[in-house]
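The values are calculated or read from the model by the stated rules, or taken from the named source; none is laboratory data. Nothing here was measured: the structure is a model prediction, and the numbers come from that model. Here Cβ is always computed from backbone atoms with ideal geometry, including for glycine, and neighbour counts include all displayed protein chains. Protein only, heavy atoms only, side chains kept; ligands, DNA and RNA dropped before computing areas. Shrake-Rupley method; radii C 1.70, N 1.55, O 1.52, S 1.80 Å.
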Amino acid sequence: MLKLKLLHNAPRRLFILLILTGILLATFIVPIAEAAEDRVRVGLVLGGGGARGIAHVGVLKILEELRIPIDCIAGTSMGSIIGGLYASGMTPEQMEKALMKIDWPAAFKDGPPRPDLPFRTKQEQRIVINAQVGLGRDGVQLPKGLLEGQNLLLLLEELSLPAASVRDFDKLRIPYRAVATDLATGEPVVLGSGELAKAMRASMSIPSALAPVELEGKILVDGGVSNNLPIDVVRKLCRPDVVIAVDVGAPLAPASELTSVLSVTNQLTTILTVRNVIEQVKTLGKKDILITPDLHDVSSIDFDRSSEAMRFGVIAAQGQQSTLSRLSVSPSAYLAYQTALPPAPNAAERPVIDFVRISNKTHLADQVIEQQLDIQPGDRLDPEKLHRNLNEIYGMGNFQRVNYTLVEEHDQIGLIVETVPRDVGTDRLQFGLFLGANLKGDSEFDISAAYTMTEINSLGGQWRNFLQLGGNLALISDFYQPLDADQEYFLNPYLRYEQYNLNLLNEAYGENTSFRVDRAEMGLLAGRNLERWGRVVLGLRYGSGRNDLRFGQPSPDYEGNFTDGGYSLSWEADTLDNIDFPTSGYAGNLTFRESLTALGADRNLSTLNFEFAHAYTWGKYSVIPRVRLAGRTSGDMGIENLFFLGGFLNLSGYQSGQISGEYAALGELIYMYRLDSASSAFTIPIYAGGSLEVGGAWNDYDDISTDSLIPAGSLFLGVDTPLGPFYFAGGLAEGGNASMYMLLGKLF
């Protein structure tokens, strides 16, 4: 009976218990509910503007100080990057620290620093310029942008790494959208899913400067072209009560400043963004807030002025503090807002990689790519090391893009390395140029082209054909074949034909004698690459040629046919950061060559040549000591094998090749001062400098002495143009030998 009574009262007791529990829960829930119901919903719009967009970080700082909850974010170009990072959980303080560490000139270049390039590519840079076009069945194919944006994408992947596994942008800490432009239609494209880094990169595809990004079957360029201040996007995203829009676009220039082709072109681009911004601003209501930072003279490429841009953003937001304060909530309500958001990822925590997969769309074997990676299953992800590996792969020259994705499969974290083949095809055409002149009436002009067929086989075989026309004629065909997946060993057979002028100074008469050397050679090089800094090479060769007198004193000893056959052994190194104006690293080679009658030479001869240069830099100042020692170690030497000095930075003041002998020595100290900013992106470096030089050439070992050394020097102005280094220089050497130079072409 008692048992039945208890059971009968159980529903009433349960009802009372639920009421008490509800009252207790309401004590904690009501403040959060009130915070959600009482406050207005805020949508944040961050516009594009290149480096000017870094001002957004300053605005975000003030919004957080004022405790203004943000319910959704939409951004374009740099606004999409700042907005995407903030939506993923990065704080303004963390963004500021990250931006201060970025090497902006490197971020807006493609591929690795030059020391990390394959050694064969470094050699190629000594004869051709970096610009290249593709050749395919459809003819010549030009790149879609000056830069692919490889380094920019890797930078964005590193910054957004904590949110790498999020594919739905609604599931970020704050719902987010990036805006790009469909190149085919000109219409804006709103990106709300996929890889966050790729979405941000697509939104910042500056037309002509950065190549478009292909996503979901569309070719996307910078969102600023169609919607630089996407107010309409944020309204659809979270239907905010109030929109905060931050416009950092550059204003139109006045007519007085439209004085050049560059300024007119920039004005036309600005007109596109200004017009669509005006249309978006017209949709703002009375409650909405427009912030337009006064960025003074900070331009869209002044990334080295990030701290100034952030400060201007802070000033602009503080200037509207009274208006913004209407959106502020109490500390407890703001805490409740932050607590209700998805948890912020731990930026310091790096995942352990359980498996590595290659997504390779080129003809190279997957093993070739795997061998370049320094990460194995079970390793903790190191973004900096991984990015260097991926850039080294990109530097092989076979890829349009090399990037990575983190995936989760069966409770395991995987690293997917994706390689995309070059848009312009596997075959490439490159050009070289050398133009030299002086006030003595001497001039030299050489133009060259290299046609390279790549990915001939799965190990990356290359067949390159090189043609040079001008004062010097050359035709070279070589086949470079790596022998293993890690690209360590190689074979390199070649054929070479060349003609060049050889000038000898008759010191007794003060007259020049000139010969035309005509020679052909075939050979085989076998070697080992020493990582990317150097290589050792064993070579076999056979060739023949003829020396014909052009003018001067006839000499039966020098004229006529010759043959050559022998071997060579060389050690080569190159870690210079720039082939034209080096500021760090070194380059050197030590080569022993021997000609043997047993291998077809008409005389026995052995020579040794050593060259070395090292660059040191302090701020804008660079010093480059160089040394060269060369000579015959045994046998007899024909004029076609003499060592030459003369020309700019090679006993400046003398003409190229004017000093010759069976032994040669050169020591010099080159000084350079950079005239423009070394920390700015998209700049053309300009240098002023000079050199102190001493050297000489001798035909007899016993003639070598310090008294016979020739002092020389130069002063120059140099510009590192896209076509190659341009120098305007003057040189002076002992004996009143002086020259003025205008040079366009490779030197180091």
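Restrict the check to region 588-610 and report whether at least one residue is among the small types (Gly, Ala, Ser) and either touching a helix residue (DSSP H, G or I) at 6+ places or on another chain (Cβ under 7 Å) or touching a residue at least 60 places away in the same chain (Cβ under 8 Å) (or both).
Checked against the condition, which is being among the small types (Gly, Ala, Ser) and either touching a helix residue (DSSP H, G or I) at 6+ places or on another chain (Cβ under 7 Å) or touching a residue at least 60 places away in the same chain (Cβ under 8 Å) (or both), region 588-610 yields no hits at all.
Touching a residue at least 24 places away in the same chain (Cβ under 8 Å) and under 22 Å from the mean Cα position of the chain (by Cα): is that true of VAL402 in this structure?
Here the answer is yes, as VAL402 does meet what is asked.
Against the conditions (1) of a type outside the set (A, V, I, L, M, F, W, C); (2) surrounded by fewer than 24 Cβ atoms within 10 Å (Cβ to Cβ); (3) closer than 30 Å to ILE271 by Cα, where does GLY223 fall short? Just the number, please.
Of (1) of a type outside the set (A, V, I, L, M, F, W, C); (2) surrounded by fewer than 24 Cβ atoms within 10 Å (Cβ to Cβ); (3) closer than 30 Å to ILE271 by Cα, only one is false for GLY223: (2).
Could you please let me know if LEU390 is more than 30 Å from GLY724 (Cα to Cα) and either open to solvent by less than 10 Å² (accessible area, probe 1.4 Å) or touching a helix residue (DSSP H, G or I) at 6+ places or on another chain (Cβ under 9 Å) (or both)?
Here the answer is no, as LEU390 does not meet what is asked.
Please count how many residues of region 667-717 are open to solvent by 30 Å² or more (accessible area, probe 1.4 Å), assigned to a loop (DSSP other than H, G, I, E, B), closer than 30 Å to LYS101 by Cα and touching an Asp or Glu at 6+ places or on another chain (Cβ under 7 Å).
Count: 4.
List, please: which pairs have Cβ atoms under 8 Å, are six or more places apart or on different chains, and start with a residue in region 293-304 that is closer than 14 Å to THR270 by Cβ and end with one that is open to solvent by 70 Å² or more (accessible area, probe 1.4 Å)?
If the second residue must be open to solvent by 70 Å² or more (accessible area, probe 1.4 Å), the pairs left are ILE301/PHE682.
Might you check whether a residue that is closer than 21 Å to GLN320 by Cα and assigned to a loop (DSSP other than H, G, I, E, B) occurs anywhere in region 50-67?
yes
Check region 507-514 and report whether any residue there is closer than 30 Å to GLN462 by Cα, among the hydroxyl-bearing types (Ser, Thr, Tyr) and open to solvent by less than 60 Å² (accessible area, probe 1.4 Å).
Checked region 507-514: no residue is closer than 30 Å to GLN462 by Cα, among the hydroxyl-bearing types (Ser, Thr, Tyr) and open to solvent by less than 60 Å² (accessible area, probe 1.4 Å).
Please go through region 413-438 and give me each residue that is touching a strand residue (DSSP E or B) at 6+ places or on another chain (Cβ under 6 Å), open to solvent by 20 Å² or more (accessible area, probe 1.4 Å) and closer than 15 Å to SER165 by Cα, ordered by number.
ILE416
Just checking, does region 137-144 include any residue being modelled with pLDDT of 85 or more, out of contact with any strand residue (DSSP E or B) (no Cβ under 7 Å at 6 or more places or on another chain), more than 22 Å from SER307 (Cβ to Cβ) and assigned to a loop (DSSP other than H, G, I, E, B)?
No, there is no match, as no residue in region 137-144 is modelled with pLDDT of 85 or more, out of contact with any strand residue (DSSP E or B) (no Cβ under 7 Å at 6 or more places or on another chain), more than 22 Å from SER307 (Cβ to Cβ) and assigned to a loop (DSSP other than H, G, I, E, B).
Among the residues of region 76-86, is any in a strand (DSSP E or B) and modelled with pLDDT of 90 or more?
There is at least one residue in region 76-86 that is in a strand (DSSP E or B) and modelled with pLDDT of 90 or more.
Filter region 545-567 down to the residues that are open to solvent by 20 Å² or more (accessible area, probe 1.4 Å) and either in contact (Cβ under 8 Å) with a residue 40 or more places away in the chain or of a type in the set (Gly, Ala, Ser) (or both) and list them by number.
Selection gives ARG550, GLY552, GLN553, SER555, TYR558, GLU559.
Output the residues belonging to region 87-117 that are over 30 Å from ASP241 (Cα atoms), in contact (Cβ under 8 Å) with a residue 60 or more places away in the chain and assigned to a helix (DSSP H, G or I).
The answer is ALA98, LEU99, MET100, TRP104, PRO105, ALA107, ARG114, PRO115, ASP116.
Which of the strands (runs of 3 or more DSSP E) contained wholly in region 583-651 include at least 3 residues that are open to solvent by less than 30 Å² (accessible area, probe 1.4 Å), out of contact with any strand residue (DSSP E or B) (no Cβ under 9 Å at 6 or more places or on another chain) and more than 25 Å from PHE119 (Cα to Cα)?
Ranges flagged: none.
Given the options ILE315, ILE278, ILE353, name the one that is open to solvent by 30 Å² or more (accessible area, probe 1.4 Å) and over 19 Å from LEU60 (Cα atoms).
On inspection, the qualifying residue turns out to be ILE278.
Which residue, of ALA309, ALA348, is small (Gly, Ala, Ser), open to solvent by 60 Å² or more (accessible area, probe 1.4 Å) and either closer than 30 Å to LEU146 by Cβ or modelled with pLDDT under 90 (or both)?
Exactly one of ALA309, ALA348 is small (Gly, Ala, Ser), open to solvent by 60 Å² or more (accessible area, probe 1.4 Å) and either closer than 30 Å to LEU146 by Cβ or modelled with pLDDT under 90 (or both), namely ALA348.
Consider only pairs whose beta carbons are under 8 Å apart and that are at least six residues apart or on different chains; among these, list those whose first residue lies in region 370-391 and is without any contact (Cβ under 8 Å) to a residue 40 or more places away in the chain and at positive phi and whose second residue is part of a loop (DSSP other than H, G, I, E, B) and buried (at least 18 other Cβ atoms within 10 Å of the Cβ).
GLY378/ILE353
Among all residue pairs at least 6 apart or on different chains, which show Cβ distances below 7 Å where the first residue, located in region 276-287, is of a type in the set (Val, Ile, Thr) and the second is modelled with pLDDT under 90?
VAL277/GLY249
Just to be sure, is ASN457 open to solvent by 30 Å² or more (accessible area, probe 1.4 Å) and either closer than 30 Å to ASP374 by Cα or among the polar types (S, T, N, Q) (or both)?
Yes: the conditions hold for ASN457.
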